[in-house]
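Below is one structure, written out as structure tokens, with a few remarks after it.
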Amino acid sequence: QRQMCIRDRVFALLLTVSAQGQSVSRDLGSDEPIDINADRLEIQQDKNLAIFTGNVIAEQGLIKLRADRLKVWYRPSSEKLSTNDVAAGGTIIRIDAIDQVFVSSATETAQGDLGIYEVAKQRLTLTGAVILTRGANVLRGNKLVMNIATGQSQFSGGRVHARFVSPKREKDAKK
């Protein structure tokens with residue numbers, strides 16, 4: 001009774017990955033501001049690029065991102081932007097998180113070597129040694145692409161390892 005057949009495991013995998021993406025989309029709060037803190041900031045106005053380096057932490061709603069470096073491409077407003085209000089006057093197009101990338105929401109975490117968030121497509125791509133966790137469930141692979149709007153996720157780029165813990169066992173492990 002505790003063992004699931006292969007079909008049930010695959011179905012559980014699809015539900016888990018789908019549920020993870022859906023909770024990220026609820027947590028993202030795209031109408032909320034993005035707060036970014038770092039040790040240094042370099043603005044390259046000719047490229048519409050802001051580069052945050054050193055202990056970078058970005059937060060929006062319940063989503064928190066940590067990385068060594070963050071590149072933020074923006075579309076400037078018609079007004080002249082200053083160093084202090086680069087994000088305030090423009091629209092963020094893309095965010096690249098580089099080295100020791102860690103993303104967390106209220107219900108899951110993901111980590112890898114490189115993270116790319118394409119704002120218009122609401123697509124987050126994480127590459128490198130990717131680890132996605134939700135509770136005691138863990139998925140590992142080389143590349144994870146999450147559609148934040150639909151909640152659909154896909155691992156690719158090699159073998160994928162998944163470990164699923166039944167809700168009863170997870171509850172027992174917390175005791």
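The values are calculated or read from the model by the stated rules, or taken from the named source; none is laboratory data. All of these numbers come straight from a predicted model, not from anything done at the bench. Glycine gets a Cβ as well: all are built from the backbone with ideal geometry, and neighbour counts include every protein chain shown. Protein only, heavy atoms only, side chains kept; ligands, DNA and RNA dropped before computing areas. Shrake-Rupley method; radii C 1.70, N 1.55, O 1.52, S 1.80 Å.
List of remarks:
- Residue match in the range 96-103 (condition: farther than 15 Å from Ile63 by Cα and of a type in the set (Phe, Trp, Tyr)): no
Yes/no matrix, rows are residues, columns are (1) polar (S, T, N, Q); (2) at pLDDT 95 or above; (3) open to solvent by 40 Å² or more (accessible area, probe 1.4 Å):
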{"position": "Ser78", "(1), (2), (3)": "yes, no, yes"}
{"position": "Ile98", "(1), (2), (3)": "no, yes, no"}
{"position": "Met146", "(1), (2), (3)": "no, no, no"}
{"position": "Arg169", "(1), (2), (3)": "no, no, yes"}
{"position": "Lys174", "(1), (2), (3)": "no, no, yes"}
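- All of (1) within 29 Å of Tyr74 (Cα to Cα); (2) modelled with pLDDT of 90 or more hold for Phe164 with one exception: (1).
- In the range 101-129, of all residues being farther than 17 Å from Leu139 by Cα and charged (D, E, K, R), the one that is surrounded by the fewest Cβ atoms within 10 Å (Cβ to Cβ) corresponds to Lys121.
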